[in-house]
Amino acid sequence: MKAGEREWIQVSHEMGALLGGGTVPQKAWPADPVALGFRYGGVGAPATVHWHAAPRPSDFEGEPLVLIVAADAVRRLFGTLPAGISSGFHITRELREIALAIRDCALPEAAREPYRLAKSIELLCDTLRLIGADALVPVLGDGLLSQEDSRRILAARAMIDERWAEKLTLDKLSRACGLNRAKLTRGFREMFDCSIADALAEKRLEGARSLLLSTDLPIASIGYRCGYLNNASFTRAFTRRFGTAPTQYRAGRLAA
């Protein structure tokens, strides 16, 4: 890799990845290429992916991770290509974590290459699957929020933080803050890099953890108080978040 060039990761003869900033190296792209350009996001900037049906090096400005793949490979895997020449979407937290794992991989060189290859394929497949299922929110305009929209989204976040134990729905939050569902969903992810459901689940599970340690309430009662309608769903969510079931978590902390 020359100074000032992006790193090129050769995934296969049908796929490669560009990593970092700088000029695009003169590598042999796959035949009839298409591309997905990722932006990691950060304070004041959303995490996004842009679909390029006819990519050129100049298209990738501001996109520090780009997956370039043969169009035939995409058709073979998914049956079709995403619609349109160029379109952008807000990515999920899970997609962003995969992209960051590619960027931040600190494994020794011998292990780093296969790790990045595997993660690049995972990112490609998961992104195209979600685009095909219409599960990603489109980027509208420049993706920036107005001051008034930001104020309303902050009000929705405050409602989650203060009233997480209530039966909060997207419709209720939308009415309370004065934004339609689509704008609230998209704007919330832009501001907080997570979905409304993720933010609500995090508050509820933190509340449940506190009750486990500070009270002797039954597990099922704690789950119900924290917004879970049955013990099974509460136990699954708690275990996924903290790595252990509520009963074991309480017993382990009290024993310590």
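FYI, it's all coordinate maths here, none of it is from the lab. All values derive from a computational prediction rather than experimental measurement. FYI the Cβ positions are ideal-geometry reconstructions off the backbone, even for glycines, and counts take in every protein chain you see.
Quick notes on this one:
- Choice from ALA220, ALA35, ALA47 with maximal GNM fluctuation in the chain (Cα, 10 Å cutoff): ALA220
- Annotation for ASN230 and GLU109: the two label points, set 7 Å from Cα along the Cα-Cβ direction, are 5.5 nm apart.
- The chain - percent relative contact order, Cα under 8 Å, separation 6 or more: 14 percent
- Our summary gives region 201-255 a relative contact order of 32 percent, counting only alpha carbon pairs under 8 angstrom and 6 or more residues apart.
- Among PHE242, PHE188, the ranking by other beta carbons within 10 Å of each residue's beta carbon, starting with the fewest, stands as PHE242, PHE188.
- In a DSSP loop and with at most 10 other Cβ atoms within 10 Å, the trypsin sites (Lys or Arg not before Pro) in region 106-197 are LYS167.
- Sorted by Cβ density within 10 Å, fewest first, the residues GLU190, GLU14: GLU14, GLU190
- Least to most buried among ASP149, ASP59 (fewest other Cβ within 10 Å first): ASP59, ASP149
- The chain: calculated mean residue ellipticity at 222 nm from DSSP helix runs of at least 4, using -39500 (n - 2.57): -16000 deg cm²/dmol
- Note on Kirkwood radius over Cα pairs in Å: of the candidates (1) 22.0; (2) 18.9; (3) 20.6, the value calculated from this structure sits at (3).
- Within the listed set ILE153, ILE219, ILE121, the Gaussian network model of the chain (springs between alpha-carbon atoms below 10 Å) gives the highest mean-square fluctuation for ILE219.
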